[in-house]
1. Towards the positive end of the charge dipole of the chain, with charges on Cβ (+1 Lys, Arg; -1 Asp, Glu), say which of Pro16, Leu58, Ser180 has the farthest Cα.
2. With charges set only on the Cβ (+1 for Lys and Arg, -1 for Asp and Glu), what does the dipole of the chain come to about its Cα centre, in debye to the nearest 20?
3. Among Phe84, Phe12, Phe134, which one shows the highest mean-square fluctuation when the chain is modelled as a Gaussian network with alpha-carbon springs under 10 Å?
4. Can you put Cys108, Cys48 in order of accessible area, largest first, using a 1.4 Å probe?
5. Projected onto the charge dipole of the chain (+1 at Lys/Arg Cβ, -1 at Asp/Glu Cβ, origin at the Cα centre), which of Ile79, Val158, Ala144 gives the Cα projection farthest towards the positive end?
6. Please work out how much length the chain gains when fully extended from Ala125 to Ser112, using 0.36 nm per residue of separation minus the C-alpha to C-alpha distance, in nm with one decimal.
7. If amide hydrogens are placed 1.01 Å from N in the peptide plane, which non-local residues have theirs closer than 5 Å to the one on Ile157?
8. Where does the chain land on the Kirkwood hydrodynamic radius, alpha-carbon pairs, in angstrom?
Amino acid sequence: MTGATPTARLFFALWPHVLQASQQPQDRTRKQLARLAKHLADQYAGRCVRPEHLHLTLVFIGEVDGSVIPVLHEVGARIQCTSFKLLLDKLHCWGKGKIIAAGVSQPCSELSLLAQTVRDQLDAAGVGYDAIRFVPHVTLVRNASREPRQMLWPEMIVPITWQATHWSLVQSSPTRQGSSYQSLADWALTPPDIHEPHCV
């Protein structure tokens, strides 16, 4: 009798992990987000997301058969989008205050185009995904026990600049300490050569 086919919990994301030691802007972004997460976790009695787990989900795939992973690699390799600057300057509060996230007050056309292009390519490849409306955010705090909206909620924050230069296919695996993330593939965003954002 054969065993069950291994599955994996996957998503595409912008992830400010340091691919190379020279990528100081990525490390700076991650440190700024980590400091904000700790501050908010202390203020609202929550659990801050670990620095190495901070990310912005482009498309959540969910639990899939391991055989789908090569297809997702092909999807990512087909997409070529321009790099862009993302400005995180707003806070979101969801789940009756239990989740606090950093978001954007102004739409970022390059980010929206990247997320939509990934969805389009997944549709073409016949791979299912969570089709919830795309709201750009980086989750900072979970399980907050103080209701932020009962206090002076600082909806706007000191802006954090994220120079998006790459995006990733990420696997989430359960551990005793919570989820652990691993990059399965990374793709570079190309420097823009025209004023309009584009993907191919």
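1. Farthest along the dipole direction, towards plus: Ser180.
2. 960 debye
3. In this elastic network of the chain, the residue with the biggest mean-square fluctuation among Phe84, Phe12, Phe134 is Phe134.
4. Of Cys108, Cys48, the descending order of accessible area is Cys48, Cys108.
5. The one lying farthest along the dipole's positive direction is Ala144.
6. 2.7 nm is the gain from fully extending Ala125 to Ser112.
7. Lys90, Leu91
8. Taking the inverse mean of 1/r over all distinct Cα pairs, the chain comes out at 17.8 Å.
The values are calculated or read from the model by the stated rules, or taken from the named source; none is laboratory data. This one's a predicted model, so the numbers in the text were calculated from it and none came from an experiment. Heads up, the Cβs are rebuilt from the backbone with ideal geometry, glycines too, and the neighbour counts pull from every protein chain shown. Side chains included, ligands, DNA and RNA excluded: accessible areas come from the protein's heavy atoms. Shrake-Rupley method; radii C 1.70, N 1.55, O 1.52, S 1.80 Å.
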